[in-house]
Amino acid sequence: MPGYLELPSANAMTSGSALPALLSRKPPQEKVATQPCRAAITHTPQPTQEAHRNNNLHSLVVISPDPAAGRAEGCQSHTTLDDFKTMEGQQFALMKYGSSEALDHYAHRLVQLIFQVFPSMQDAPDQFVCIRPGNICLPTAATLLADRIQKMLDVPMGRIVRGKALTRDFATLDSAEERAKAMQGLFKYSGPQLDAATAVFLIEDTVVSGSHYVETQRVLEQVGCPLGKVHCICIASLEGLSAKTESELNELYFNPRHPDIAQRLIQCLKDVTENSDPTSRQVKFILNS
């Protein structure tokens with residue numbers, strides 16, 4: 001299913017300098033239509049001494065009730081929730097449920113975004129660290145994206161380690177307060193030593209309240225990485241919407257009341273990459289059915 005979250009071409013992004021050869025080839029099995037480009041969204045908040053949601057947050061698209069708000073700032077990749085569902089909903093849900101093809105689709109686009117944000121990465125890859133988000137045992141869509149992106153970029157990898165599992169599905173928590181409380185003290189960092197010369201970027205699929213990202217910033221700051229060097233790269237930033245919208249997007253194609261849900265779930269399990277485990281999203285769905 002072709003998507004519309006295209007970035008500027010490699011030539012446009014680098015003002016004449018070539019991107020690595022990896023951007024000239026498609027990921028395995030990817031089927032992407034060539035369409036007019038849309039710019040990525042980069043949040044540029046006021047300087048702050050505290051971790052917060054919009055600190056160096058870079059997304060392919062902002063989903064909000066009023067997409068016109070972004071146009072006043074020159075941003076083109078704003079969309080409404082309904083439009084995102086129509087254009088990207090099925091492919092996004094497949095990605096969340098571990099489809100190898102959908103994961104490759106978005107990983108390729110996030111790599112393009114990363115080179116737009118960090119043009120010097122080509123010359124000094126050791127000055128950057130890709131941060132894999134935390135998970136418990138089973139992979140998530142975000143950890144699978146991070147694994148793909150790190151291999152494509154060939155940069156050092158750091159990991160956020162979760163100390164315990166949540167007792168509720170995080171995507172169903174309805175308030176920023178609930179989400180922030182659930183994250184407190186949950187993470188630790190494992191990976192290369194970080195300092196003021198190292199830029200790090202956390203890979204996420206979506207940012208809603210920003211609780212995961214804020215807690216990650218705190219952990220990385222504690223191990224020597226200044227907040228100004230911490231970035232988040234994601235597919236979608238959900239703004240001005242209920243926190244439960246994330247769960248709504250996750251289940252758009254995997255609606256438990258859909259008459260073909262059994263066939264869809266079986267197919268998505270078949271689409272899991274060889275030698276990989278099913279995602280936590282798939283297992284949660286099965287256990288809750």
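The values are calculated or read from the model by the stated rules, or taken from the named source; none is laboratory data. No experiment lies behind these values; they were computed from the predicted model shown. No Cβ is skipped: glycine too gets one built from the backbone with ideal geometry, and neighbour counts run over all protein chains shown. What goes into the accessible areas is simple: the full protein's heavy atoms, side chains included, and nothing from ligands, DNA or RNA. Shrake-Rupley method; radii C 1.70, N 1.55, O 1.52, S 1.80 Å.
With respect to (1) under 16 Å from residue 189 (Cα atoms); (2) modelled with pLDDT of 95 or more; (3) over 15 Å from the mean Cα position of the chain (by Cα), the lone exception for residue 136 is condition (2).
For region 69-79, the count of residues that are in a helix (DSSP H, G or I) and open to solvent by 10 Å² or more (accessible area, probe 1.4 Å) is nonzero.
Please note which helices (runs of 4 or more DSSP H) are completely contained in region 210-289 and include at least 3 residues that are open to solvent by 20 Å² or more (accessible area, probe 1.4 Å) and at pLDDT 90 or above.
Correct list: 211-222.
Against the condition within 25 Å of residue 150 (Cα to Cα) and not basic (Lys, Arg), how does residue 197 come out, does it pass? Yes; evaluated as a whole, the condition is true for this residue. Taking the criterion of being of a type in the set (Asp, Glu) and under 24 Å from residue 276 (Cβ atoms), the residues of region 81-116 that qualify are 88, 101, 104. For residue 243, the conditions (1) among the small types (Gly, Ala, Ser); (2) out of contact with any Ser or Thr (no Cβ under 7 Å at 6 or more places or on another chain); (3) over 23 Å from residue 109 (Cβ atoms) all hold with the exception of (2). For residue 243, state whether it is small (Gly, Ala, Ser) and under 17 Å from the mean Cα position of the chain (by Cα). Judged against the criteria, residue 243 is a match.
Take the residues of region 125-164 that are among the hydrophobic types (A, V, I, L, M, F, W, C) and in a helix (DSSP H, G or I): which is surrounded by the fewest Cβ atoms within 10 Å (Cβ to Cβ)?
Across region 125-164, the extreme among qualifying residues is 152.
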